[in-house]
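Attaching a single structure in C-alpha cells format; questions to follow.
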Amino acid sequence: MSALVFELKDTPDQRLDLSPLVPERLDGLSHKDIKAIEISTTRETLTVGDAFKVKGKNAQDIHFYGTDERCDKIGARLAGGEIFVDGDVGSQVGARMTDGKIEVRGSAGILAGASMTGGHVAIRRDAGDQAAGPAFGETMGMKGGLLTIGGDAGELLGERMRRGLVVVGGKAGDYAGGRMIAGTLVLRGGAGRYAGYGLRRGSLIFTEKPKDILPTFSDSGVMEFDYLLLLEKWLRGAGMRIKLGGRARRLMGDMAVLGKGEMLILA
Amino acid sequence: MAKKKGEEAELDSALERAADLLGRARFPVIGGLFTDIAGAAAALVLAEKLGGAVDHAAGTGLSRASRVMRETGATPASFGEVRNRADTVVVIGKGPLERDPDLIASLFPAKLGLPRPGDNKREVIFLGLDKVRTPRHVRSSSIRGRATLPELVALLAANVRETRFDIRDKALRTKLDRAGERIRNSAFAVFVYDSAEIEEPVMHTVLETVRHLVLTTRAAIMTVAAPGNGDGVNLCSTWTCGLPVRTSFARDVPEHDAWAYETDRLLETGEADALVWIDALEGEGAKRPKGAPTVVLSSIPGRASKGDVVIEVASAAGDHDAALYLAPISGIGMVKAGKKNKDKPTVADVLTTIAELIDARNA
C-alpha cells in the first residue's frame, strides 16, 4: 500500500497545527474526511484540503512534501508508525511522542522532540532552541527515545532532560544540557557557553574539547569507560558513523546544584 | 481627540476605522499593554472577540518568570519583608538597580519598622556589578571578576553549598568564600534579580540555592517589577483566562506559547496582520514595533505619529485613577490620578467601544 502523502500547495499565511496528522488519528479515514481536518491557528479556518494535496492510503507511513517552518507539531504525540518530511518543519516536531520514527530532511524549529518519551526523531539539518527540552505545560524535557540532529542545535538543548539520548552532529548553542536530571547528550561539534549549567545528573559527551567549561565542573582526570564502547556500538548499529573509544576526561558537576552529572571529553 | 493619518479627526471616526481594521484582520496582536488593570481586562476581552493574541512589551521577562514559577515554583518574599526582615540582600546583575535606582535606599531605611531575626548587621552583596552607595548602617561588598554573571551565580551557589570548584582568580575566590559564609550564616538571605536580565537556568540555580538554604535557615528571592505594569497585566491575564501574556485566543481554548505569540516575531514574520499598540501609562513609554497596520492608543500622541489609526487616550495614574501593580506592596493597588482629566477616554473605554462596534457589524 502506498504511503499517505501530504504535499503543501503554497506557503501558508498562518502557522499550521499538523498534530492531527498522525497514524492513529488518520487510520481508516477517507481522503474526504482527512481533507476536512482543521489545521488553522487563526480565526480564518484552514483545513488539510485547503493547504495540502492528499494522495496515497497507508496511514502508518506518512510523507510530507514541500513543508516549511510554519508547519508546526508534525508527529506531536506520535504513538507509532513512520513520518517522513521532505522540507523544513516548524516548532514541536515529535513533541511528546511515545513511539515511532520521524525523519526530517530539512531543519526544525524550536522544541524538537520536547518531552518525548520514546521513538526516534532524526533531523538532517539544524534544530532550533530547546530541542529535547520541556514542552509547554511540562515540567521535564525528553524522557526517553532518540533525537539525532545532523547540523547545529539551538540554545538550551536537552534542558531539564530526564532520560533518552540526543546526538548532535554540529555545534550546540548556549546552555546545552542545562538543568538535566538524567540522560545523555553526544556533542560532536562542541557547544556554546554554559554547557551543563545546573546539571544535576546525566552525561554530556564531547568528541572534542569544548571552548568554555564552567568553573563549577570539577576535573576527575582521564578514565576508561566501558559504556562509551557500548554506546559507540549501539550508535553504529543505529546507522551513525561515530567513534567514541573508551577513554575520556571526566568532569563532575554542576557543583552549583546537585553536582552528580558528568562531562566526558574524549581523550 | 483622535488623529487619522496625521490629520485631526473625530474620535468616533477613529473608532470606526479601528473597528474596520481589526474586524477584517486574520490574526491581530494586542501588544505594548502599558496600561492599568481595567485596560488589560478590556484588551483580553477584545483579543478573545478578535481571535487574536495578547503580549506585553516586557513579555520576555514575564514569560521567563511565569515558566520558572510554573515549572518548579519559587519562594518570593514581599518588598516589605525584605526591607524589614532580611539581614543579607544579594543583588544579582545590573538589572535591579537599572529598573529601580532607589532600590537600595528603599530596602535599607535608617529605621526598621519590625523586629529583625538574627544578630547580623545588615549587608548587601552586589554580584556582577560595582558597589553603589549604601546607608552607613549597612555593610556592602561587590563580587566581580572576569567571570560572567551566570558564572558568578554558579560560583556563589557552589560556595554556599561548600562544594568543590576550580577558579584561579584568588581575589575572586576570597570574595566568594566570604559571601558564601555570610549567606550560610544569615537569618534571612534574599536574592534580588530582574527576570528580563538573567536566563532561566540562572534563575533556577538561584532558586536551588534558596532551597538549599531553607533546610537550615530562611531565604527567598525578590524580583524587581517589570516595566509598564507588566506584573499587573500578567496577573490580570492569568486570573482572566488561566494563562500569562503571549496567549492566543484564535481557537476554542486560549493557548499560551512564549515563542509563537511574541509581538515582534509575529510582526516580522507577517503572521500577525494587525497590531493594537497600547502605551498609556504615566511616566513610562514602550517602543512600538512596526510591520503591520496599527491602531495606537497612546497618552502621548507624539510617541505614535505614524500609526494608521491613532487615538489619544488618558494616561493611567496621570489623567485618571488606576489599579496598578505596586512593587512596595507586592500587589495591586489603586493609584490616584496626578491631575484628573476627563476629556480623554481611557484605554478600557476605547477598547470596549471598538469591541461593541465590531459586535454591531457582526450582528
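Condition check: among the basic types (K, R), away from chain B (no Cβ under 14 Å) and either within 26 Å of B:T205 (Cβ to Cβ) or touching a strand residue (DSSP E or B) at 6+ places or on another chain (Cβ under 7 Å) (or both). Does A:R247 satisfy that? Let's see the steps before the verdict.
Details: among the basic types (K, R): yes; away from chain B (no Cβ under 14 Å): yes; either within 26 Å of B:T205 (Cβ to Cβ) or touching a strand residue (DSSP E or B) at 6+ places or on another chain (Cβ under 7 Å) (or both): yes.
It is true that A:R247 is among the basic types (K, R), away from chain B (no Cβ under 14 Å) and either within 26 Å of B:T205 (Cβ to Cβ) or touching a strand residue (DSSP E or B) at 6+ places or on another chain (Cβ under 7 Å) (or both).
OK, next. Condition first: at pLDDT 95 or above, in a strand (DSSP E or B) and within 14 Å of another protein chain (Cβ to nearest Cβ). Can you find one or more residues in the stretch B:235-246 that meet it?
no
From the residues in the stretch A:213-242 that are touching a residue at least 12 places away in the same chain (Cβ under 8 Å) and touching a helix residue (DSSP H, G or I) at 6+ places or on another chain (Cβ under 7 Å), which one is surrounded by the fewest Cβ atoms within 10 Å (Cβ to Cβ)?
Here is the first cut: in the stretch A:213-242, the residues touching a residue at least 12 places away in the same chain (Cβ under 8 Å) are A:213-214, A:216-226, A:228-229, A:231-232, A:235, A:238, A:240, A:242.
Then keep just the ones that are touching a helix residue (DSSP H, G or I) at 6+ places or on another chain (Cβ under 7 Å); that gives A:214, A:216, A:242.
Values: A:L214: 27, A:T216: 32, A:I242: 14.
Among those residues, the one meeting the criterion is A:I242.
With the structure loaded, tell me whether A:G189 is part of a loop (DSSP other than H, G, I, E, B) and more than 14 Å from every other protein chain (Cβ to nearest Cβ) or whether it fails that test. Give the steps one after another, and end with the answer.
Values: part of a loop (DSSP other than H, G, I, E, B): yes; more than 14 Å from every other protein chain (Cβ to nearest Cβ): yes.
Yes.
So in the stretch B:128-149, with the set limited to residues that are closer than 12 Å to B:G93 by Cα and in contact with a Lys or Arg (Cβ under 8 Å, 6 or more places away or on another chain), which one is nearest to the other protein chains (Cβ to nearest Cβ)? Even if it seems obvious, please write down each step before you answer.
Residues of the stretch B:128-149 that are closer than 12 Å to B:G93 by Cα, as a first pass: B:128-131, B:142-144, B:148-149.
Cutting the leftovers down to in contact with a Lys or Arg (Cβ under 8 Å, 6 or more places away or on another chain) gives us B:128-130, B:142-143, B:148.
Working: B:G128: 14, B:L129: 19, B:D130: 21, B:S142: 19, B:I143: 13, B:T148: 8 Å.
This residue is B:T148.
I'd like the residue in the stretch A:125-139 that is more than 9 Å from chain B (Cβ to nearest Cβ) and over 11 Å from the mean Cα position of the chain (by Cα) and, out of all such residues, is surrounded by the fewest Cβ atoms within 10 Å (Cβ to Cβ).
Only one residue fits best here, namely A:R125.
Take A:T98 and tell me if it is within 14 Å of chain B (Cβ to nearest Cβ) and either among the aliphatic types (A, V, I, L, M) or more than 11 Å from the chain's Cα centre (by Cα) (or both). Let's see the steps before the verdict.
Numbers: within 14 Å of chain B (Cβ to nearest Cβ): no; either among the aliphatic types (A, V, I, L, M) or more than 11 Å from the chain's Cα centre (by Cα) (or both): yes.
No.
Exactly one of these conditions fails for B:L155: (1) within 14 Å of chain A (Cβ to nearest Cβ); (2) without any contact (Cβ under 8 Å) to a residue 24 or more places away in the chain; (3) open to solvent by 40 Å² or more (accessible area, probe 1.4 Å). Give me its number.
Status for B:L155: all satisfied but (3).
Still on this structure: Is it true that some residue in the stretch A:252-265 is farther than 23 Å from A:G141 by Cα, of a type in the set (G, A, S), crowded, with 17+ Cβ neighbours inside 10 Å and at pLDDT below 95? It would help to see each step written out before you state the result.
Initial filter on the stretch A:252-265 (farther than 23 Å from A:G141 by Cα): A:265.
This time we only want the ones that are of a type in the set (G, A, S), so: none.
No, there is no match, as no residue in the stretch A:252-265 is farther than 23 Å from A:G141 by Cα, of a type in the set (G, A, S), crowded, with 17+ Cβ neighbours inside 10 Å and at pLDDT below 95.
Here's something else I'd like to know. Looking at the structure I just gave you, is B:A42 among the hydrophobic types (A, V, I, L, M, F, W, C) and assigned to a helix (DSSP H, G or I)?
Values: among the hydrophobic types (A, V, I, L, M, F, W, C): yes; assigned to a helix (DSSP H, G or I): yes.
The answer is yes for B:A42.
If I filter the stretch B:132-140 for residues that are surrounded by fewer than 14 Cβ atoms within 10 Å (Cβ to Cβ), without any contact (Cβ under 8 Å) to a residue 40 or more places away in the chain, basic (K, R) and more than 18 Å from B:N185 (Cα to Cα), do I get at least one hit?
yes
Has the stretch A:56-65 got at least one residue that is away from chain B (no Cβ under 14 Å), part of a strand (DSSP E or B) and of a type in the set (D, E, K, R)? First the steps, then the outcome.
Quick first cut of the stretch A:56-65, residues away from chain B (no Cβ under 14 Å) only: A:56-65.
Now restrict to residues that are part of a strand (DSSP E or B): A:58-65.
This time we only want the ones that are of a type in the set (D, E, K, R), so: A:61.
Taking every residue of the stretch A:56-65 in turn, at least one turns out to be away from chain B (no Cβ under 14 Å), part of a strand (DSSP E or B) and of a type in the set (D, E, K, R).
How many residues does the stretch A:36-54 contain that are in contact with a helix residue (DSSP H, G or I) (Cβ under 8 Å, 6 or more places away or on another chain), part of a loop (DSSP other than H, G, I, E, B) and either at the interface with chain B (Cβ under 9 Å from one of its Cβ atoms) or open to solvent by 10 Å² or more (accessible area, probe 1.4 Å) (or both)?
Residues in the stretch A:36-54 being in contact with a helix residue (DSSP H, G or I) (Cβ under 8 Å, 6 or more places away or on another chain), part of a loop (DSSP other than H, G, I, E, B) and either at the interface with chain B (Cβ under 9 Å from one of its Cβ atoms) or open to solvent by 10 Å² or more (accessible area, probe 1.4 Å) (or both): 3 in total.
Could you check the stretch B:83-157 for strands (runs of 3 or more DSSP E) lying wholly inside it with 3 or more residues that are within 19 Å of B:V224 (Cα to Cα)?
Details: elements: B:88-92, B:123-127, B:139-143.
Correct list: B:88-92, B:123-127.
Let me spell it out: the conditions are (1) assigned to a strand (DSSP E or B); (2) over 30 Å from B:E162 (Cα atoms), and B:I221 meets all of them except one. Which number is the exception?
(2)
The values are calculated or read from the model by the stated rules, or taken from the named source; none is laboratory data. None of these values were measured; they are calculated from a predicted model. Glycine also receives a Cβ, built like all others from the backbone with ideal geometry; neighbour counts cover every protein chain displayed. Note: areas computed on protein heavy atoms with side chains; ligands, DNA, RNA excluded. Shrake-Rupley method; radii C 1.70, N 1.55, O 1.52, S 1.80 Å.
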